[in-house]
Structure formats: C-alpha cells, structure tokens
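Heads up: the structure comes next, in structure tokens.
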Amino acid sequence: QVHLVESGGGLVQPGGSLRLSCTASEDHRTVVPMAWYRQTPGNERDLVATTMGDPSTAYADSVKGRFTISRDNAQNTIYLQMDSLKFEDTAIYYCFGRRGFSEYWGQGTQVTVAT
C-alpha cells in the first residue's frame, strides 16, 4: 500500500532548482509526512531535512543554505525546495512520515543533477 506520495523529481542542471512535494495518499490521510531522506546506490538512506522536530526544522550539513523544508498543515503536505543543486545531490529522495508510533515511506522520486 502507498501511504505517502512524492512528486517533483526530475533532471536538472547544476545550479538549478527543483521542488519536491509529499502528501498522504487518499486512503491514509492520517499519516503525517515530516521528513525527506535520500539514497544513492550502495549507500544508506540519509536524512536530508526534517520538520515537526525541536527545532522545528533541521537539515543535513550538506544541504544547509540550499534546501528548505516547509509544511502546509491544511493540505497535510511537506515540500522540499532545492536550490543551487549540485552533482552530489543526485539521489532517490524519499518522504518519511508517521502515524502514532508507525513509520511510513514514500515510493521515492529520482533527482538527477547533470549537464
């Protein structure tokens, strides 16, 4: 079952921008999206940015100043604005969410930074 739906990935040149979105699927509206992770082949899934924590937002050092996570509570949607993209930002980006103590992942969206 798909609990979280991501969109907005794609191919972009270095220095460009993309905006990812994540929202709960129709049948799982009580799942609350709260973070973005990314993963490259052969590596673990790493935290990129999170919201709803303390402080309210936090970022991996590698994306600070370039990425911005935001939330629309009315739409139960989070966004990841990615600016000044670099080659090393190429990865599959996953949305993470919770419902109570249960954890959920989106299916992932590919972001490719290339010339």
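Miscellaneous remarks
- Among all residues of region 51-64, there is at least one that is closer than 16 Å to W105 by Cα and within 11 Å of the chain's Cα centre (by Cα).
- When region 43-87 is filtered for residues that are exposed (fewer than 13 other Cβ atoms within 10 Å of the Cβ) and modelled with pLDDT under 95, the ones remaining, listed by number, are G53, D54, P55, S56, D72, N73, A74, Q75.
- Qualifying residues in region 10-27 (those that are under 16 Å from F96 (Cα atoms) and buried (at least 17 other Cβ atoms within 10 Å of the Cβ)) - the one modelled with the lowest pLDDT: A24
- Apart from one condition, F96 fits all of (1) at pLDDT 95 or above; (2) open to solvent by 60 Å² or more (accessible area, probe 1.4 Å); the exception is (2).
- Test: residue in region 102-111 that is over 22 Å from V2 (Cβ atoms), open to solvent by less than 80 Å² (accessible area, probe 1.4 Å) and of a type outside the set (F, W, Y): no
- Of all residues in region 63-115 being without any contact (Cβ under 8 Å) to a residue 40 or more places away in the chain and among the aliphatic types (A, V, I, L, M), the one that is farthest from G9 (Cα to Cα): A74
The values are calculated or read from the model by the stated rules, or taken from the named source; none is laboratory data. Every value quoted in this text rests on a predicted model; they were computed, and no experiment measured them. Reconstructed Cβ throughout: ideal geometry from the backbone, glycine too, with neighbour counts over all protein chains shown. Just so you know, the surface numbers come from the protein's heavy atoms only, side chains and all, with ligands and any DNA or RNA stripped out. Shrake-Rupley method; radii C 1.70, N 1.55, O 1.52, S 1.80 Å.
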